[in-house]
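Take a look at the structure set out below.
The values are calculated or read from the model by the stated rules, or taken from the named source; none is laboratory data. Not measured: the values here are computed from a predicted model. Backbone-built Cβ (ideal geometry, glycine too); neighbour counts: all protein chains shown.
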């Protein structure tokens, strides 16, 4: 694997009411209502920076744990698309755990990581994802972590997402679009790809260092700007 460039990591309350025969009953004093904790709508810059730092240093166990915790913290996405990004970070970090345990021959830990990944994927099918910002190349021979065209398909883009050294592939990402991609509009610029997770394929032969294929539909593109998260 050559030219590893641009590694970016970067209710409603329903109360049933029953009616019975009328009779006089003593009036009970009103019980205090429990105070409901407001649901968080964003991850702070400090928290986000800690997560991205653990991803960049390839601390897969900590980054998977943090991403999981943050996913539980916010339930509705915000204008920064943090929830959609966290879904990708979580799967990416779990893939890192699997690759690490596989190379170290830690079978029990690897199997546990596979189970966690399978459970996460089951919850994420049909959910929106935003991938880390990368650059699009017109010539993608022997490069990794770039956005590339899919041969014979002008409505799809792909990414081979690896570790920092390019020695193991976390995922092959394929993003399908409803219309033809005009890649000239964002070529050579850092770009966010996104879409809804359609299906996932797992590697059945870990002698080959890759974990999964992520296939997205309803794809979209957004140019990265300073301070995007």
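Values as computed for the structure displayed
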{"read-out": "Enumeration of residues in the range 84-132 that are surrounded by 16 or more Cβ atoms within 10 Å (Cβ to Cβ) and not in a helix (DSSP H, G or I)", "value": "128, 129, 130, 131, 132"}
{"read-out": "Residue match in the range 37-46 (condition: more than 22 Å from residue 129 (Cα to Cα) and modelled with pLDDT under 95)", "value": "yes"}
{"read-out": "Qualifying residue in the range 171-191 (condition: within 19 Å of the chain's Cα centre (by Cα), assigned to a strand (DSSP E or B), at pLDDT below 95 and surrounded by 13 or more Cβ atoms within 10 Å (Cβ to Cβ))", "value": "yes"}
{"read-out": "Residues that are surrounded by fewer than 18 Cβ atoms within 10 Å (Cβ to Cβ) and not in a strand (DSSP E or B), drawn from the range 192-218", "value": "204, 205, 206, 207, 208, 209"}
{"read-out": "Test: residue in the range 8-22 that is assigned to a loop (DSSP other than H, G, I, E, B), within 17 Å of residue 211 (Cβ to Cβ) and at pLDDT below 95", "value": "yes"}
